[in-house]
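First the structure, in the form of structure tokens, and then the observations on it.
Derivation of every value follows stated rules applied to the coordinates shown; laboratory data play no part. For clarity, every value in this text was computed on a predicted model and none was experimentally measured. Neighbour counts run over all protein chains shown; Cβ positions are idealised from the backbone, glycine included.
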Amino acid sequence: MRAPVAPILVAVVLALPACARTLDTASLEERLAREVERALGERGFVVACPDGVRVAADATFECTASGPGGAELVLRVRQVDDAGNVEWAFADAELTEAD
């Protein structure tokens, strides 16, 4: 059984000169936290992404979602274009179904 995969598309670009555009990771972290909570049906997640992520189509990076009880999940994020739109999935989306 696969864990829920919740792809999202959201523009998260900070307005900087074209040569140094970076993602607005603060906004992305808030959006990912809401999406993780919705996907798992549990509240209280906080997401941390690296700072200074340059905008680049097909570039990937990882964020960490920390939840209630010390749970930590890795999120794989991919930039789908050079406009700051991203999609994400749980890094370990493969789960074994309980018997």
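Summarising the label geometry, the points placed 7 Å from Cα in the beta-carbon direction at residue 91 and residue 22 lie 2.1 nm from one another.
Using a cutoff of 8 angstrom between alpha carbon atoms and counting only pairs six or more residues apart, the relative contact order for region 10-90 works out to 28 percent.
Each peptide in 69-82, 29-42 receives the mean, over its residues, of other Cβ atoms within 10 Å, and ordering these scores from highest gives 29-42, 69-82.
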